[in-house]
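The values are calculated or read from the model by the stated rules, or taken from the named source; none is laboratory data. These figures come from a predicted structure and were not determined experimentally. Neighbour counts are summed over all protein chains in view; Cβ atoms, including those assigned to glycine, are modelled from backbone coordinates with ideal geometry. These area figures cover heavy atoms from the full protein model, side chains too; ligands, DNA and RNA do not enter into them. Shrake-Rupley method; radii C 1.70, N 1.55, O 1.52, S 1.80 Å.
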Amino acid sequence: MDFFQAVEARYSHKERFLPDPVPLADLERIAAAGLAAPTGTNSQCVRLVLLPDGDAVRALCGVSPTAGMLTAPAAIAVLTDGSTQTGEWNFEVEDYAAAAAQMLLAATALGYVSVWLDSPYFDEDRQKAALAALGAPAGHHLRVVLPVGRPDGEGSRRGKLPFGERVSYGVFGRRGE
């Protein structure tokens, strides 16, 4: 699948996964795509925890018991290391977002589905519980978990607004010819 096919095919899979295992080599390829993402001031603050099987994923289900997490055969936890940020600039949010986006596309290109799962970790107590389950050192922040696998049925997709409603030419609001 080429890049633009992966962009078009990617969707946020919020349903169940098939139990088929994700080969570690595929999970590592997806992770490598995330680590290849741009990073502000080259701080490389993104840290990944590969959860290569259902048992490893279930360790986070007490914090995030979604249908996807309960059935995912693998996942990737995306953390940031705050100690890498020096000076007045902090790019943790931009860096993890770029890494996660590239991993979602990589998963799609390899024939898997995933979803950006972050809202459970906005809660401070859930954040602490998830970091403990992952064995993350102090100074790290869990940003998102990407469950990875094959879909158990056709996943629901939300429509996107038309290109012309979201793109302007030259100045905001000017439509193309």
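Springs between alpha-carbon pairs under 10 angstrom, Gaussian network model over the chain: which of Pro162, Pro21, Pro65 fluctuates most?
Checking each option, the largest mean-square fluctuation is seen for Pro162.
Given the options Glu165, Glu124, Glu28, state which has the largest fluctuation in a GNM of the chain using a 10 Å cut-off (strictly under) for Cα springs.
Checking each option, the largest mean-square fluctuation is seen for Glu165.
Stretched out fully, how many nm does the piece from Ala101 to Glu177 gain, at 0.36 nm a residue minus the Cα gap?
Full extension of this stretch gives 24.3 nm more.
In whole Å, what three semi-axes, largest first, describe the equivalent ellipsoid of the range 103-177 built from its Cα gyration tensor (square root of 5 times each eigenvalue)?
Ellipsoid semi-axes (Å, largest first): 34, 20, 12.
Of the residues Leu35, Leu18, Leu146, which exhibits the maximal mean-square fluctuation in a Gaussian network model of the chain defined by a 10 Å Cα contact cut-off?
Leu18
Starting from a Cα-only point model with no solvent, please compute log10 I(q)/I(0) by Debye for the range 25-176 at q = 0.14, 0.15 1/Å.
After summing over all Cα pairs, the log10 values are -0.74, -0.83.
Can you give the calculated 222 nm mean residue ellipticity of the chain, where each DSSP H run of n ≥ 4 adds -39,500 (n - 2.57) and the sum is split over every residue, rounded to the nearest 500 deg cm²/dmol?
Roughly -10000 deg cm²/dmol at 222 nm, from the helical runs in the chain.
Could I have the simple spin-label model distance between Lys128 and Tyr169, label points 7 Å from Cα toward Cβ, reported in nm to one decimal?
With each label placed 7 Å out from Cα toward Cβ, I get 5.6 nm.
Order Arg10, Arg158, Arg143, Arg175, most accessible first, counting only protein heavy atoms with a 1.4 angstrom probe.
Largest accessible area first, the residues go Arg158, Arg175, Arg10, Arg143.
Return the whole-Å distance between the Cα centroid of the range 3-58 and the Cα centroid of the range 110-141.
14 Å
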